Amino acid sequence: MAGQYEANWESLDARPTPGWFEDAKFGIFIHWGVYSVPAWGTKGTYSEWYWHALVNNSHKGATAKFHEETYGKDFDYMDFAPMFNCEMFDAQQWAELFKRSGARYIVPTSKHHDGYCIWPSAEASASWGRPWNSMEVGPERDLLGELTEAVRAAGMKMGFYYSLYEWYHPWYETDFERYRDEHFFPQFKDVVTRYAPSIIFVDGEWDHPSEAWRSPELVAWLFNEAPCKDDVVINDRWGKGSRSVHGGYYTTEYSHVGGGKRLKEGHPWEECRGIGASFGYNRNETIDEYSTAEELVHLLIDTVSRGGNLLLDVGPTADGRIPVIMQDRLVAIGKWLDVNGEAIYGTRKWRVVKEGRTTRYTQKDGAVYAITLAWPGDTLLLKSPKSDGKVSVQLLGYKKPLKSKMRKNGLKIDLPTIPFDEIPCQYAYVFKLEGVR
């Protein structure tokens, strides 16, 4: 990807998004840090915002009440850091799980809004005036480095999430320019240079426009000089008003489109959300807050049919375990993709996104994939496909060909009675159509 990019959005937005991103379709988000120690929020909220909720007495004081009763009124949030031990963290085990899920890229929080870094960031500890990274306090390990090595060894793309702002940084409110120039800028360049990410998800941009953050300058460095300049993909959260306007891909969050803007047709985009209602692990959530495997498979299908990627979050515990319910959901998605990944990976949006309530479409290499979110019954009538010649239909995961016929009202597919031990998958079924347009 040759060429020099200038430090303005007109030039930066002209850079093509590396093709691997739109082909990958499915990634894993990881929210893991000091907030994983209390691991608590009111139901329906983000537990990683614990410090903010505590200081601002948010949610009718629920977090403050929980904190005082559990840890004591004088226990400071930063005192959680030594308790973030990660003693059971096994990067290889995580990577193997993510591989089983069918994910193609991994995005852990290198630093959330509390400023704590999971790599040995000198800027974090120096500017906070106390140890504030995972090498100096807590696990005394380079967590991001360990995970980066394991993920890449497993054949997946690796990147990270990075928050531009930090809630209670001693310089952020009092001397923003110093925060930006002496903390944010060198810290961001350090983490990029160390780990050469394939994807960067920035966040926490909303207080200042991108010019105040000097984001165009930083992105120009990223595209022109960084060790990952040819491979890296960036999102759209580089300054106030930049969501769904600037960046390599646009972001939605629990289906909310940033800035209230509609997504630009044809531009890469990604939906991010947790398996539960929170990104960070929330001990206050019950099974009722968690999506079922079927719901998550359907979410992936629906997102991809509309031209997007899905970044599905897990929230590990403070000792470094991915909760078993989250593992279960990831493995279930992976089993479905083992059979039907052909209809997901490398596909693009078809001329028809959906038909009725239960059918979604994708396309790739001249084939059209009709994905039904329930078993259709004895016959499946697809009204959208057209053809002037021979049509062939295959149910992915089922060896025998299916009988079909083009009619005036669409493509009629006769479905067999399949023995229980030959049912290819659960949750949704993919019909590969060749010879249609």
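The values are calculated or read from the model by the stated rules, or taken from the named source; none is laboratory data. Note that the coordinates shown come from a computational prediction; the quantities given were computed from them, not determined experimentally. All Cβ positions, even for glycine, are placed from backbone atoms using ideal geometry, and neighbour counts span all protein chains on display.
Can you name the condition, by its number, that residue 377 falls short on among (1) buried (at least 19 other Cβ atoms within 10 Å of the Cβ); (2) farther than 30 Å from residue 81 by Cβ?
Every listed condition holds for residue 377 apart from (1).
As an exercise: evaluate residue 386 against (1) in contact with a Gly (Cβ under 8 Å, 6 or more places away or on another chain); (2) over 30 Å from residue 143 (Cα atoms) and give the number of the one condition it does not meet.
Of the numbered conditions (1) in contact with a Gly (Cβ under 8 Å, 6 or more places away or on another chain); (2) over 30 Å from residue 143 (Cα atoms), the odd one out for residue 386 is (1).
Just checking, does region 29-38 include any residue being within 22 Å of residue 142 (Cα to Cα) and touching a Leu at 6+ places or on another chain (Cβ under 6 Å)? Please lay out each step first, then the result.
So the first thing to find is which residues in region 29-38 are within 22 Å of residue 142 (Cα to Cα), and the list is 29-38.
This time we only want the ones that are touching a Leu at 6+ places or on another chain (Cβ under 6 Å), so: 29.
Checking region 29-38: at least one residue is within 22 Å of residue 142 (Cα to Cα) and touching a Leu at 6+ places or on another chain (Cβ under 6 Å).
Name the one entry in 348, 306, 321, 283 that is more than 18 Å from the chain's Cα centre (by Cα), surrounded by fewer than 21 Cβ atoms within 10 Å (Cβ to Cβ) and either within 23 Å of residue 20 (Cα to Cα) or not assigned by TED's automatic domain parsing to the domain that holds residue 38 (or both).
348
Can you tell me how many residues within region 54-112 are buried (at least 17 other Cβ atoms within 10 Å of the Cβ) and in a loop (DSSP other than H, G, I, E, B)?
So the count comes out to 8.
Residue under question is residue 429, and the condition is that it be in contact with a helix residue (DSSP H, G or I) (Cβ under 6 Å, 6 or more places away or on another chain) and crowded, with 19+ Cβ neighbours inside 10 Å; does it hold?
Numbers: in contact with a helix residue (DSSP H, G or I) (Cβ under 6 Å, 6 or more places away or on another chain): no; crowded, with 19+ Cβ neighbours inside 10 Å: yes.
In short, no.
Among the candidates 308, 334, which residue alone is in contact with a Pro (Cβ under 9 Å, 6 or more places away or on another chain) and within 20 Å of residue 29 (Cβ to Cβ)?
On the way: 334 fails: in contact with a Pro (Cβ under 9 Å, 6 or more places away or on another chain).
Matching residue, one of 308, 334: 308.
State all residues of region 45-57 that are over 21 Å from residue 132 (Cα atoms), touching a residue at least 12 places away in the same chain (Cβ under 8 Å) and either in contact with a helix residue (DSSP H, G or I) (Cβ under 8 Å, 6 or more places away or on another chain) or of a type in the set (D, E, K, R) (or both); if no residue qualifies, say none. Even if it seems obvious, please write down each step before you answer.
Applying the first criterion (over 21 Å from residue 132 (Cα atoms)) to region 45-57 yields 45-46, 56-57.
If we keep only those that are touching a residue at least 12 places away in the same chain (Cβ under 8 Å) too, we end up with 45-46.
Scanning region 45-57 gives a single hit, 45.
Name the residues in region 20-43 that are over 19 Å from the mean Cα position of the chain (by Cα) and at positive phi, would you?
Passing the criteria: only 39.
Search region 384-395 for residues that are at pLDDT 95 or above and pair each with any residue that is among the polar types (S, T, N, Q) when their beta-carbon atoms are under 6 Å apart and the residues are at least 6 apart or on different chains.
So the pair list comes out as 391/404; 393/404.
Can you pull out the residues in region 113-128 that are in contact with a His (Cβ under 9 Å, 6 or more places away or on another chain) and in a loop (DSSP other than H, G, I, E, B)?
The answer is 113, 114, 115.
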